[in-house]
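All of the numbers you see were taken from the coordinates with simple rules; none came from a lab. Keep in mind that this is a model prediction, so the values were computed, not measured. All Cβ positions, even for glycine, are placed from backbone atoms using ideal geometry, and neighbour counts span all protein chains on display.
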Amino acid sequence: MNCMARALTDPWTLGGVEIPNRVVLAPLAGIGNWFVRLQAKRYGAGLAVSEMVSSHAIFHGNERTCLEMLRIHPDEHPVSVQLFGADPDVMAAAAERVAAAGADIIDINMGCPVPKVCKTGAGAALLDDPDKAVAVALAAAKGSGLPITVKLRTGLRPGDGKGVALARALAERGGVAGLCVHPRHASQRHAGVPDYALAAELVRELPVPVLISGGLRSAQQARDAFEQTGAEAVLLARGSLGNPWLFAELIGERDQQPSRDEILAEVDWVLERAVEHMGEDRANRYLRKFYPWYIERLGGTRAQQAVLQSALQQTSTTAAARDLFHGAILDDLVAAGYTLAP
Ligand SMILES: Cc1cc2nc3c(=O)[nH]c(=O)nc-3n(C[C@H](O)[C@H](O)[C@H](O)COP(=O)(O)O)c2cc1C
């Protein structure tokens, strides 16, 4: 194998879908909507995966799920929509709807460790039921006619080997076009060192492309994992939060950190898209979880960051949030001796 020739900038195909490079936005629940995916694309991501969407909610025609979570921007393609669920019939019907919404690929979540998801038999619980997992994957393909990928963990608990067994089953009889391995056990949630050696074994063994997720917070970590595992592509998750520049860095389009002006312009873009997506009031509340990512990138002392963070969490409009980021109101706050509540 000529590993030296592999590059993150190489184009590839996943189930017949052409993807211009090997840097992918990972699924992020509550975050990976169309504008977060579009942001990743604007900075060069080859593929973006949606936040996980309930197959049951789609099946029952839940309005917010169908209108908001399945919203796809024309400039996003290729885009993958991640579904979760454990009922093959429901999955088939939901997948059909996702195809009609314009997705290019469907990813199925078999790695989410959250009890609310697992107790329905979905997410990482499917690691315990390979036959059902295979049926769910086959149903998604049948319902949608799209290539299906599955994102999974290496096990439920250390040493149980369940993820490896499921990966084999999905590749052999689940008809999947690819697998994304997050080589941590579900019991580890998102902590601990990912087992890249195990992921490398899966890459070598499985007859389908294997993508790698986990611990890819910096460009160096992503490049190292790409090389060490031989994976087809890397998925950026927490490393991408408030940091779309990481995509550009990994595809060789920039090598410097963003300037303050670039960060502020990006904040403005996000504020505007969120209002466009969900209206002013909901956007104002929704974006509160985004602010810390951009505050961190702007730098400054811990005390300055804490003041900005505290003020942003109390804004009543996105325009006020914008002013705070741009410093107009913050200077007044600091001058007035504004500090964090003890
Ligand atoms: C806030 C958050 C939400 C996530 N949501 C999903 C999800 O909806 N579906 C999924 O398969 N993985 C989800 N993950 C897991 C990530 O896609 C990724 O596999 C994990 O964070 C490991 O990568 P990292 O260590 O580079 O962050 C989520 C992770 C975080 C931190």
Checklist outcome for this item: The set of residues whose placed amide H lies less than 5 Å from the amide H of D107, leaving out same-chain residues fewer than 5 positions away, is V81, Q82, L83, T149
Checklist outcome for this item: Phi-derived 3J(HN,Hα) across region 88-99 with the Karplus relation (6.51, -1.76, 1.60, θ = phi - 60°), rounded Hz, x for Gly and Pro, is x, 5, 5, 4, 4, 5, 5, 5, 4, 5, 5, 5
Next on the checklist: Cβ neighbours within 10 Å, averaged per peptide: list 286-293, 210-217, 5-12 in order, most packed at the top.
Outcome noted: 210-217, 286-293, 5-12
Checklist entry - How large is the Kirkwood hydrodynamic radius of the chain, in angstrom, based on all distinct alpha carbon pairs? => result 20.7 Å
Next on the checklist: Nearest 500 deg cm²/dmol is fine: what mean residue ellipticity at 222 nm does the chain get from its DSSP H runs of n ≥ 4 alone, each adding -39,500 (n - 2.57), divided by its residue count?
Outcome noted: -13000 deg cm²/dmol
Next on the checklist: How would region 53-130 be classified by its alpha-carbon gyration tensor: rounded, prolate or oblate, with rounded meaning a/c under 1.5 and the a/b versus b/c comparison settling the rest?
Outcome noted: prolate
Checklist outcome for this item: Of all lysine pairs in region 30-167 that are eight or more residues apart or on different chains, those with Cα atoms under 22 Å apart total 12
Item to check | region 303-323 residues near the modelled E280 label - backbone nitrogen below 18 Å, point 7 Å along Cα→Cβ | outcome: 314-323
Checklist entry - Taking the Cα centre of the chain as origin and charging only Cβ (+1 Lys, Arg; -1 Asp, Glu), how large is the dipole, in debye to the nearest 20? => result 780 debye
